[in-house]
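Everything on this sheet refers to the single structure shown next.
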Amino acid sequence: MDDLSSQTRKKVFFKTFGCRSNIYDTQVMMSSLKNYDITQDESKADIIVLNSCTVTNRADKECKSYARTQSELGKKVLFTGCGVKMQGKELYDKNLTFSVFSHSYKEDIDSILAKDRIFLDTNSRKLDTTLLPAMIGKVKGFIKIQEGCNFKCSYCIIPYVRGVARSFKHDFLLEQASLLAKSGVKELVLTGTNIGSYGLDTGTHIATLISDLASIEGIKRIRLGSLEPSQIDSKFIDVLSNPKLERHLHIALQHTSEKMLRIMNRKNTVEHDLELFLELERLGFFLGTDYIVGHVGESKEIFNEALTNLEKLPLTHIHPFIYSPKTGTKSATNLASLELVPKIESKARLHLIQDLVREKNYQKRLALKEKSTPLNVLIESVKSTKEATGFQDASDFKEAIGFQEAIGFDEYFNKVVITSKDLSSSLKGSFLKVADYKVKPLCNLAL
């Protein structure tokens, strides 16, 4: 029994910034709460736990702004996550946060909430031992398989705040996945700081983990977080034939100019990346990547070369972003003498590669449709079509007025919108096979 009655327990709202690792970390904190109630309504919260991101200076500013706003509203704000090392002390000293605690203390959230103001920072690199019985407010089951990164990319601060790469134990992860499967989770998402490094410190391999997770009863699909191209080996290629593995891979290239990759201190090469992507396309995968435009040193000649190389890649998804100098990184200090790209030029380059990959995605989806390929869709939400989230022209929306709209993603990680008069909210978290659909510029649409 909880120590406090429900009448006296305070309500806690968790605000998560950043990546899937932070989503998982928030789930650990939620699961560790004993004497407090979780609320999904920010306005009703007595306490705000801010799980921060520090991947860019802009992320730092957004977290700081949020902390200030909630503090001014009279909320008790606790600050955790990757931003602790970068600005935790500043926020604490300025009374913008009530308490600050680093990653290593998230399982102690219940006792931290009960204390007066406290500042807990540490270089401890311990891994969580909490097993999540279920995912709170999530359809998919996020599992963090490792923490930290040994890469030293010139633009990235994350290895300094997450630490060196270290893996969760194989049996622990299988037990965690089994618990989530028993709770009704059908899709697992493997996440971490650099999941391709899983097992390097424990003598195992991510391919072995994938195979064992796929054998768990109730798990229908496994999705992988971002991978590094230099870490994809023959053993990984072999496991790609597993039918439960999503037919989409996100492989972080970051750039397609050899000179730019060296400036960024990346481990991949343009030649290897092209060979790898062509092989993965041959195996039937849709392929996504992260891409930085406007990094210092990216001249017009370098970008034009990179664009030519990008056109050769069978990409279907891209997460491009404009370079922003991050305090504490080599790109922001040692490389400051290199050519700076004007913001307006960076935006133009970003739009170019977005349009290029969006068209590639559209053509690949058309090819699936022409082959009458059915789509296996995990439904993530069901709502009224009065909000036209899935429609690209008025005729589609007019046809669907008054219907229910189910939104999900297929095995190729493409958005699918399904409309019908008799969709039930109970479909959320279920798989539907869709054989008849229209291919639209931004999604597939089934009426």
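Key figures for this structure:
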read-out: Tail fraction, Cα-Cα pairs, the range 198-301, threshold 23 Å, whole percent; value: 35 percent
read-out: Rounded to 5, the percent of DSSP beta bridges in the chain classed as antiparallel; value: 35 percent
read-out: In order through the range 322-336: 3J(HN,Hα) via Karplus (6.51 cos²θ - 1.76 cosθ + 1.60), integer Hz, x for Gly, Pro; value: 7, 4, 10, x, 10, 3, x, 9, 5, 4, 8, 10, 4, 9, 4
read-out: Rounded to the nearest 20 debye, dipole of the range 11-120 from Cβ charges on Lys, Arg, Asp, Glu; value: 220 debye
read-out: Options 234, 265, 180, ranked by Cα towards positive dipole end of the chain, top entry (Cβ charges); value: 180
read-out: Estimated FRET transfer efficiency (residue 41, residue 442; beta-carbon r; R0 30 Å; 0.05); value: 0.50
read-out: Furthest towards positive pole of dipole, 45, 158, 284, structure part the chain, Cβ charges; value: 45
read-out: Peptides 216-226, 49-59 ordered by average Cβ neighbours within 10 Å, highest first; value: 49-59, 216-226
read-out: Environment charge at residue 305 (Cβ cut-off 12 Å; Lys +1, Arg +1, Asp -1, Glu -1); value: -1
read-out: DSSP beta bridge pairing in the range 141-370, given as percent antiparallel to the nearest 5; value: 10 percent
read-out: Cβ-based exposure ranking for 156, 82, in which fewest neighbours within 10 Å come first; value: 156, 82
read-out: Relative contact order (%) - criterion: Cα under 8 Å, at least six apart; region: the chain; value: 10 percent
read-out: Estimated dipole of the range 328-371 in Debye, rounded to 20 [Cβ of Lys and Arg +1, of Asp and Glu -1, Cα centre]; value: 320 debye
read-out: Computed [θ] at 222 nm, helices only, for the chain once each DSSP H run of length n ≥ 4 contributes -39500 (n - 2.57); value: -9500 deg cm²/dmol
read-out: Where no second cysteine Cβ lies under 4.7 Å, the cysteines concerned in the chain; value: 19, 53, 63, 82, 149, 443
read-out: Sequence-distant aspartates and glutamates (8 or more away, or on other chains) whose Cα lies within less than 13 Å of residue 415; value: 380, 405
read-out: Convex hull per residue volume in Å³, alpha carbons only, for the range 141-370; value: 130 Å³
read-out: Rounded to the nearest 20 debye, dipole of the chain from Cβ charges on Lys, Arg, Asp, Glu; value: 660 debye
read-out: Charge sum, other residues only, whose C-beta stays under 13 Å from residue 105's C-beta, Lys/Arg counted +1 and Asp/Glu -1; value: -2
read-out: Sorted by Cβ neighbour density within 10 Å, fewest at the top, the residues 272, 317; value: 272, 317
read-out: Sorted peptide list for 291-304, 345-358, criterion being average Cβ within 10 angstrom, highest first; value: 291-304, 345-358
read-out: Lysines whose Cα lies under 25 Å from that of residue 343, excluding same-chain neighbours fewer than 8 positions away; value: 61, 64, 259, 300, 326, 330
read-out: (i) 24.2; (ii) 21.3; (iii) 23.0, with the label sought being that of the calculated mean projected area of the Cα convex hull in nm²; value: (iii)
read-out: Which of 13, 431 has the fewest Cβ neighbours within 10 Å, and the rest in rising order; value: 431, 13
read-out: Furthest towards positive pole of dipole, 114, 404, 249, structure part the chain, Cβ charges; value: 114
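Read-outs: derived from the displayed coordinates by stated rules, not from any lab. Predicted model only: the values in this text are computed from it and were never measured. Neighbour counts are summed over all protein chains in view; Cβ atoms, including those assigned to glycine, are modelled from backbone coordinates with ideal geometry.
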